[in-house]
1. Anyone know which of Arg112, Arg245, Arg167 comes out most mobile in the 10 Å Cα GNM of the chain?
2. With +1 assigned to the C-beta of every Lys and Arg and -1 to the C-beta of every Asp and Glu, and no other charges, what is the dipole magnitude of region 206-280 about the Cα centre in debye, to the nearest 20?
3. Placing +1 on the Cβ of each Lys and Arg and -1 on the Cβ of each Asp and Glu in the chain, which of Met1, Ala143, Gly259 has its Cα farthest towards the positive end of the resulting dipole?
4. Using a Gaussian network model of the chain with C-alpha springs under 10 Å, which one of Leu196, Leu36, Leu80 is most mobile by mean-square fluctuation?
5. Please give the charge dipole size of region 221-264, origin at the Cα centre, charges +1 on K and R Cβ atoms and -1 on D and E Cβ atoms. Round to the nearest 20 debye.
6. Could you work out how far helix 92-103 tilts from the main Cα principal axis of the chain, as a 0 to 90 degree angle to the nearest 10?
7. Determine the distance separating the Cα centre of region 27-51 from the Cα centre of region 78-104; give it in Å without decimals.
8. If you plug each phi of region 119-127 into the Karplus form 6.51 cos²θ - 1.76 cosθ + 1.60 with θ = phi - 60°, what whole-Hz ³J(HN,Hα) values come out, in order, with x for Gly and Pro?
Amino acid sequence: MPPAFVANDLRKRYDDVDALRGVSLEVGAGEIVGLLGPNGAGKSTLAKIACGLVRPTGGSAEVAGHVAGSAPARAGIGYLAELFRFPGWATADELLVLHQRLARSAGGSEERSDLLALVGLPDAAETRVGKMSKGMQQRLGIAQALVGTPGLLLLDEPTSALDPAGRKVVRLLLDEVRGRGVSVLLSSHLLSEVELVCDHVAILVDGEVVERGTASELQKARGVQVETAAGKRLFEGAGRDDAPRIVADLVASGESVYGVEVLSSTLEDTYLEAVGEEPT
């Protein structure tokens, strides 16, 4: 089975601006990959290339083995843009009917009911979009992106308008779709959300991937801090595996050890360093 999405040396230039500068990225089957980066880093451009709304200037992008933007590739994608707009007069059910027709989904009323329940809107079928809160509209947007059971879900800031309870609903939803084998490429500014739900993380800065790995891999070691009778001492660059040796050496030299703490940077620290800001 080919990966859900592969970008290879992907480049995009708008007039004299390079939005993407040779991005290579892979989203495996049933995997959630988080894209982090400041505004203008290229996250939305990458998602738009994946779903065929933007053509790359160079490099290649494939969805489930098909060239991004081709009919087979588009058929396997669900997409929710950051600044989406739905007609205020439409009910949730009417909106999903429209997207079923666009996606040529034969799921009918059962699919619509299941999707509304999945995103925490089981009683909203007859509610008009104009009467919904921003959080409800956001969840409805995720429901429409799932119409037709796509293999790859592209979500651009899907929790931006949600309160903590709403974000929890989305996290549970993403766990559910991952369990069904759906892959997700998730762009977000909420590092805590990415850290909780994503299998891998890529940080984009000025159109380039500057860091990648699991959230734990991006939490770099800062050292081992040992509390002794003489005070706290920091062994910079040391990691968890170095702690027993450090303690043994201190005890052997006659020092009393009262506490040991392995220090590591957070995903936020790594992100701030990547974008050129000083961690707090």
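None of the figures in this text is laboratory data; all of them are computed from the coordinates on show. Being a predicted model, the structure only gives us computed values, none of them experimental. Neighbour counts run over all protein chains shown; Cβ positions are idealised from the backbone, glycine included.
1. Among Arg112, Arg245, Arg167, the largest mean-square fluctuation in the Gaussian network model of the chain belongs to Arg245.
2. 440 debye
3. Working it through, the farthest residue towards the positive pole turns out to be Ala143.
4. Highest fluctuation of the listed residues: Leu196.
5. 80 debye
6. Once rounded, one gets 90 degrees.
7. Here the two parts' Cα centres lie 22 Å apart.
8. 9, x, 10, x, 10, 9, 4, 9, 7
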